[in-house]
Amino acid sequence: MISEPTNDLMPELRFVIACLTVDPDKRLERMEEFRACSLDFHLVYQLSIHHRVYPLVYRALKELTPDWIPESLLKDLSSDYKWNTIHMVFQENELEKIHRLFDQANIRLLSLKGPFLAECIYGEISLRTCKDMDVMISLVDFDEANRILVELGYKPDIKKKILNSWKWNDHHLSYIHPGKGLEVELHWRLNPEIGFEPSFDELWSRRRVLAQRGVPYMGSEDLFMFLATHGARHAWFRLRWLMDIVMLLRSEINWDLTLALWKKYHALIPGGQTLLLANRLFGSPIPEVVRELAHSSKSEEMADKAMVFITEMTDFTVLRERAVFFRKYLYGLRTGTQRFSYILSQLYPNWRDAETLPLPKSLHILYFPLRPFLFLYRRLKFGTMED
């Protein structure tokens, strides 16, 4: 059974979701239902920007040209759409350059998101937004990859380099190019949870290659698991992540393999939650083999909790008042084994400790005994949600 978008949402958000409907005829039908509503079109614009879906909203309004849509909304969305298209082309050209240099250095690179994901599942790069370019390599190639990016003018986020904690407590390192205004996220793992994902070699063995560009990216099953765990970890506070899922669900996926991967890598909870949210909000059908999982009590619980973040137009990951709720939400996503692993990972010092109490490099070893106290200090003073 295909679900219709929930009516519990504010009308402006329901209208944005209607604009995101994949089927053009169904999209027009759903949009027309709002003709008689007194929509706040400024809020519609804000929601489109916040959820990073403004290219899709603009396309829907431009193609269908409802006569009751204000010209000001179309003008603002058009400007943003054009800027995003230029930015995405710029990113695509830069990624091709990085891939070429990595390939020459015998560094295997997988494109994770960015413009190549847009081209892969949307058919054109202008329909998706990307803040940065996510690529993945094997950790053994990190030093050489770092050298290449630095020679290209990228500057690493060196604040994370304390006792090599960034290798174990983080899953990527960010690089900023001051002149080009571009950011590369260099991954050596997909997610922060250590040991609960396929190895790079396993991902590489199932890779696909974008024919037009020759750039490798993950197989559909690995990509779905990555997008599901990434979106779940961020509580789906942007609809763009769910739209990626909706578009990917339209491609050919081996669901037996997908379910096997979810079981092996402790991704059943985010997987079920993802399918249920895509069904609730966008009417994406749930494949038979994973239907029982999607409609389990745990998937229902975690989908309900994620709706809190989806429906309120705020980045809750940085707000103190949502810190406790968000931590409980993340706790609910983890299996018992993942919770134990997370606790162990919190014992290792990281850059936040150095930021809280700067010490000379020769005394960095003291961060190990000091970490519990620094951790507690940040919790009490700032209510930080991550550490």
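The values are calculated or read from the model by the stated rules, or taken from the named source; none is laboratory data. Since we're looking at a predicted model, the values are computed, not measured. For neighbour counting, all protein chains shown are included, and Cβ atoms are generated from backbone atoms with ideal geometry for every residue, glycine included.
The single condition among (1) on the phi < 0 side of the Ramachandran plot; (2) surrounded by 13 or more Cβ atoms within 10 Å (Cβ to Cβ); (3) touching a Ser or Thr at 6+ places or on another chain (Cβ under 9 Å) that PHE34 does not satisfy is (3). Filtering ASP80, ASP67, ASP103, ASP76 for residues that are out of contact with any helix residue (DSSP H, G or I) (no Cβ under 7 Å at 6 or more places or on another chain) and in a helix (DSSP H, G or I) leaves a single hit, ASP103.
Only one residue in SER199, SER220 is over 27 Å from ASP157 (Cβ atoms) and of a type in the set (S, T, N, Q). Which one?
Details: SER199 fails: over 27 Å from ASP157 (Cβ atoms).
Within the list SER199, SER220, the selection yields SER220.
LEU281 fails exactly one of the following numbered conditions: (1) touching a His at 6+ places or on another chain (Cβ under 6 Å); (2) in a helix (DSSP H, G or I); (3) not small (Gly, Ala, Ser). What is the number of that condition? Of everything listed in (1) touching a His at 6+ places or on another chain (Cβ under 6 Å); (2) in a helix (DSSP H, G or I); (3) not small (Gly, Ala, Ser), LEU281 misses just condition (1). Considered as a group, the residues in the stretch 1-28 that are at pLDDT below 90 and acidic (Asp, Glu) include one that is nearest to ILE245 (Cα to Cα), and that residue is GLU4.
Identify all residues within the stretch 133-156 that are of a type outside the set (Val, Ile, Thr), surrounded by 16 or more Cβ atoms within 10 Å (Cβ to Cβ) and in contact (Cβ under 8 Å) with a residue 24 or more places away in the chain; write none if there are none.
To start, the set of residues in the stretch 133-156 that are of a type outside the set (Val, Ile, Thr) comprises 133-134, 136, 138-139, 141-147, 149, 151-156.
From what's left, surrounded by 16 or more Cβ atoms within 10 Å (Cβ to Cβ): 133-134, 136, 138, 141, 145-146, 149, 152, 154, 156.
Across the stretch 133-156, the qualifying residues are MET133, ASP134, MET136, SER138, ASP141, ALA145, ASN146, LEU149, LEU152, TYR154.
Applying the condition of being assigned to a loop (DSSP other than H, G, I, E, B) and under 29 Å from LEU359 (Cα atoms) to the stretch 325-349 and asking which residue is modelled with the highest pLDDT yields PRO349. So is THR21 among the β-branched types (Val, Ile, Thr), under 27 Å from ARG250 (Cβ atoms) and loosely packed, with under 13 Cβ neighbours inside 10 Å or not? Spelling it out, it is not the case that THR21 is among the β-branched types (Val, Ile, Thr), under 27 Å from ARG250 (Cβ atoms) and loosely packed, with under 13 Cβ neighbours inside 10 Å. In this structure, does LEU173 turn out to be in a strand (DSSP E or B), under 21 Å from ILE107 (Cα atoms), modelled with pLDDT under 95 and touching an Asp or Glu at 6+ places or on another chain (Cβ under 7 Å)? The answer is yes for LEU173. For the stretch 284-297, a residue qualifies if it is in a helix (DSSP H, G or I) and under 24 Å from ASN254 (Cβ atoms), and the qualifying residues are GLU288, VAL289, VAL290, ARG291, GLU292, LEU293, ALA294. On the basis of being touching a residue at least 40 places away in the same chain (Cβ under 8 Å), in contact with a helix residue (DSSP H, G or I) (Cβ under 8 Å, 6 or more places away or on another chain) and in a loop (DSSP other than H, G, I, E, B), does THR85 make the cut? Here the answer is no, as THR85 does not meet what is asked.
One residue alone among MET225, MET218 is touching a residue at least 40 places away in the same chain (Cβ under 8 Å) and under 27 Å from VAL16 (Cα atoms), and that residue is MET225. Answer yes or no: is there a residue in the stretch 252-260 that is modelled with pLDDT of 95 or more, over 20 Å from the mean Cα position of the chain (by Cα), buried (at least 18 other Cβ atoms within 10 Å of the Cβ) and not aromatic (Phe, Trp, Tyr). Yes; the residues of the stretch 252-260 include at least one that is modelled with pLDDT of 95 or more, over 20 Å from the mean Cα position of the chain (by Cα), buried (at least 18 other Cβ atoms within 10 Å of the Cβ) and not aromatic (Phe, Trp, Tyr).
Count, please, the residues in the stretch 263-278 that happen to be surrounded by fewer than 23 Cβ atoms within 10 Å (Cβ to Cβ) and at negative phi. Break it down stepwise before answering.
Residues of the stretch 263-278 that are surrounded by fewer than 23 Cβ atoms within 10 Å (Cβ to Cβ), as a first pass: 263-266, 268.
Subset that is at negative phi: 263-265, 268.
Residues flagged as surrounded by fewer than 23 Cβ atoms within 10 Å (Cβ to Cβ) and at negative phi within the stretch 263-278 amount to 4.
Looking only at residues in the stretch 197-213 that are in contact (Cβ under 8 Å) with a residue 40 or more places away in the chain and in a loop (DSSP other than H, G, I, E, B), the one that is farthest from the chain's Cα centre (by Cα) is GLN212.
Residue pairs whose Cβ atoms lie under 6 Å apart, separated by 6 or more positions or on different chains, with the first residue in the stretch 341-355 and closer than 17 Å to LEU366 by Cα and the second outside any loop (DSSP other than H, G, I, E, B) and of a type in the set (Ser, Thr, Tyr), are TYR348/SER165; PRO349/SER165; PRO349/TYR367; ASN350/SER165; ASP353/TYR367.
Contact map, the stretch 182-196: residues that are under 21 Å from ALA232 (Cβ atoms) paired with residues that are buried (at least 19 other Cβ atoms within 10 Å of the Cβ) and among the acidic types (Asp, Glu), Cβ distance under 7 Å, separation 6+ or inter-chain. Pairs shown: GLU185/ASP134; HIS187/ASP134; ARG189/GLU197; LEU190/GLU197; ASN191/GLU197.
Report yes if ARG240 is at pLDDT below 95 and not small (Gly, Ala, Ser), otherwise no.
Details: at pLDDT below 95: no; not small (Gly, Ala, Ser): yes.
Criteria not met by ARG240.
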